[in-house]
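This report refers to the structure that appears directly beneath it.
The values are calculated or read from the model by the stated rules, or taken from the named source; none is laboratory data. What you see is a predicted model, and the numbers here were worked out from it, not measured in a lab. Please note: Cβ atoms are built from the backbone with ideal geometry, for glycine as well, and neighbour counts cover all protein chains shown.
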């Protein structure tokens, strides 16, 4: 994701954007009225992102790419998808299905603009590893229409093999892919106040949404590091962070859907010890609007993305509790390097202009460098009844960090 130095107050909103913001704000205020003036932050985030027709991922404002609010790895070029295709090719080659047909199913959750699906399928075709069926589970009607238009235009011969679904299938044999999805699952925020963890909520006064303190949090509901006994490493007052209880149901649903195969999650995040480090005093919550990154989620309601990094230790625990194996955990850099990103780029450079080679170099830096996406984005592989290894997790094996 990109950010700029543009001041937050300098954004000029279109009339359409103002209308969306006003209508969504009114809906949230209505919920506040029903709940004595306070709602949990997770409920605010849910409405801000997913309220039908108005939430950030549900309205029809542009979101992805240079003209949108942020750029994900697939939007930068095709190198990310080419590497992913090489890992998936091995999975399909080494994982024969017990069912007759379709035997090779790839399910993408939250397909964004659709560009990852396009580049991934084009590369799988080159590798003679096209799935028999490509499923897309997309909650946004606006994005679904955008995806359909792009995929039909770019992949007309394969388009009949693509299906948009509204719920997870039963007894799926194949691969489930989710790139930058978990970070958009609504989270709870907590703050340390007078030696207690208090839930952070949202209120409304004087024309603005505001942070507010809610009831103390039951320590049994918190991640283990937050619920530990205080000692010399006790969290200080005003320490603010996030946790994601809704991830439990989400991972459980994926586990129940998968009969055999794997779940590949790619997202910003850390292991628990890094996520809840004493020095991370303001948590990881970030917002994105017009390539500007900031930490004010109560502004620009419905017009900005709201994310929080992923606690991958939590994801691993939930997976284990739902009979999934944790088969791999690495950085994005490690995953891409093991799947040949430098070789792919070198081969493509032979037919590129100097300007194109420069753009590729910039893309690689953003994808691989520690100060960019290389280390902060992680890749975790969860599996069920999977007898093979998927390429990408041995060059930088980070399983011990979970």
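Kindly provide the set of residues from region 44-70 that are over 17 Å from residue 19 (Cα atoms), buried (at least 21 other Cβ atoms within 10 Å of the Cβ) and modelled with pLDDT of 95 or more, ordered by number.
Within region 44-70, 44, 45 meet the criteria.
Starting from residues that are touching a strand residue (DSSP E or B) at 6+ places or on another chain (Cβ under 9 Å) and modelled with pLDDT of 90 or more, keep the ones in region 71-87 and report whichever is nearest to residue 303 (Cα to Cα).
Pass one, region 71-87, residues touching a strand residue (DSSP E or B) at 6+ places or on another chain (Cβ under 9 Å): 71-75, 80, 84, 87.
Imposing the further condition that a residue be modelled with pLDDT of 90 or more reduces the set to 80, 84, 87.
Numbers: 80: 27, 84: 31, 87: 35 Å.
Here the residue is 80.
Could you go through region 322-336 and let me know if any residue there is free of Cβ contacts under 8 Å to residues at least 24 places away in the same chain, at negative phi and surrounded by fewer than 17 Cβ atoms within 10 Å (Cβ to Cβ).
First, the residues of region 322-336 that are free of Cβ contacts under 8 Å to residues at least 24 places away in the same chain: none.
No, that holds for no residue.
So residue 373 fits all but one of (1) surrounded by fewer than 16 Cβ atoms within 10 Å (Cβ to Cβ); (2) more than 24 Å from residue 321 (Cβ to Cβ); (3) modelled with pLDDT of 90 or more; what number is the exception?
(1)
Would you mind stating whether residue 395 is closer than 24 Å to residue 176 by Cα and either surrounded by 18 or more Cβ atoms within 10 Å (Cβ to Cβ) or touching a strand residue (DSSP E or B) at 6+ places or on another chain (Cβ under 7 Å) (or both)? Walk me through how you get there before you give the answer.
Values: closer than 24 Å to residue 176 by Cα: yes; either surrounded by 18 or more Cβ atoms within 10 Å (Cβ to Cβ) or touching a strand residue (DSSP E or B) at 6+ places or on another chain (Cβ under 7 Å) (or both): no.
No, not satisfied.
Sort out for me the strands (runs of 3 or more DSSP E) sitting completely within region 256-351 that have 1 or more residues that are in contact with a helix residue (DSSP H, G or I) (Cβ under 8 Å, 6 or more places away or on another chain) and closer than 23 Å to residue 381 by Cα.
Values: elements: 258-270, 286-289, 292-294, 305-307, 325-331.
Per the criteria, 258-270, 305-307, 325-331.
Hey, among the residues in region 110-122 that are part of a loop (DSSP other than H, G, I, E, B) and either more than 23 Å from the chain's Cα centre (by Cα) or touching a residue at least 40 places away in the same chain (Cβ under 8 Å) (or both), which one's farthest from residue 148 (Cα to Cα)? First the steps, then the outcome.
Initially, region 110-122 is screened for residues part of a loop (DSSP other than H, G, I, E, B), giving 110-114.
Now narrow it down to the ones that are either more than 23 Å from the chain's Cα centre (by Cα) or touching a residue at least 40 places away in the same chain (Cβ under 8 Å) (or both): 110, 112-113.
Numbers: 110: 13, 112: 11, 113: 10 Å.
Among residues in region 110-122 that are part of a loop (DSSP other than H, G, I, E, B) and either more than 23 Å from the chain's Cα centre (by Cα) or touching a residue at least 40 places away in the same chain (Cβ under 8 Å) (or both), the one farthest from residue 148 (Cα to Cα) is 110.
Of the residues 169, 156, 100, 96, which is over 30 Å from residue 281 (Cβ atoms), modelled with pLDDT of 95 or more and more than 21 Å from the chain's Cα centre (by Cα)? Break it down into steps so the answer makes sense when it comes.
Working: 169 fails: more than 21 Å from the chain's Cα centre (by Cα); 100 fails: modelled with pLDDT of 95 or more; 96 fails: modelled with pLDDT of 95 or more.
Just a single option satisfies the conditions, and that option is 156.
Just to check your reading of the model, which residue among 21, 29, 90 is more than 19 Å from the chain's Cα centre (by Cα), farther than 23 Å from residue 147 by Cβ and modelled with pLDDT under 95? Please lay out each step first, then the result.
Details: 21 fails: modelled with pLDDT under 95; 29 fails: modelled with pLDDT under 95.
None of the other options fit; the residue is 90.
Only one of these conditions is not met by residue 228: (1) part of a loop (DSSP other than H, G, I, E, B); (2) without any contact (Cβ under 8 Å) to a residue 40 or more places away in the chain; (3) touching a strand residue (DSSP E or B) at 6+ places or on another chain (Cβ under 8 Å). Which number is it?
(3)
If you take the residues in region 226-255 that are surrounded by fewer than 19 Cβ atoms within 10 Å (Cβ to Cβ) and touching a helix residue (DSSP H, G or I) at 6+ places or on another chain (Cβ under 6 Å), which one is nearest to residue 106 (Cα to Cα)?
Looking at residues that are surrounded by fewer than 19 Cβ atoms within 10 Å (Cβ to Cβ) and touching a helix residue (DSSP H, G or I) at 6+ places or on another chain (Cβ under 6 Å), I get 248.
Need pairs with beta-carbon distance below 8 Å; first residue free of Cβ contacts under 8 Å to residues at least 60 places away in the same chain and on the phi < 0 side of the Ramachandran plot and within region 292-320, second surrounded by fewer than 24 Cβ atoms within 10 Å (Cβ to Cβ) and in a strand (DSSP E or B); sequence gap 6+ or separate chains.
Close Cβ pairs (under 8 Å, with a partner that is surrounded by fewer than 24 Cβ atoms within 10 Å (Cβ to Cβ) and in a strand (DSSP E or B)) amount to 295/286; 295/287; 320/326.
Give me the residue from region 376-390 that is under 21 Å from the mean Cα position of the chain (by Cα) and crowded, with 20+ Cβ neighbours inside 10 Å and, out of that set, farthest from residue 342 (Cα to Cα). Don't jump to the end; show me each part of the working.
Taking region 376-390 first, the residues under 21 Å from the mean Cα position of the chain (by Cα) are 376-383, 390.
With crowded, with 20+ Cβ neighbours inside 10 Å added as a condition, the list becomes 377-383, 390.
Values: 377: 18, 378: 19, 379: 18, 380: 22, 381: 23, 382: 26, 383: 28, 390: 19 Å.
Checking each candidate, the answer is 383.
Of everything in region 197-225 that's surrounded by fewer than 13 Cβ atoms within 10 Å (Cβ to Cβ) and over 29 Å from residue 21 (Cβ atoms), which residue is nearest to the chain's Cα centre (by Cα)? Give the derivation first.
As a first pass, look at region 197-225 and keep what is surrounded by fewer than 13 Cβ atoms within 10 Å (Cβ to Cβ): 205-208, 210, 215, 218, 220, 224.
Imposing the further condition that a residue be over 29 Å from residue 21 (Cβ atoms) reduces the set to 215, 218, 220, 224.
Details: 215: 29, 218: 28, 220: 26, 224: 23 Å.
Here the answer is 224.
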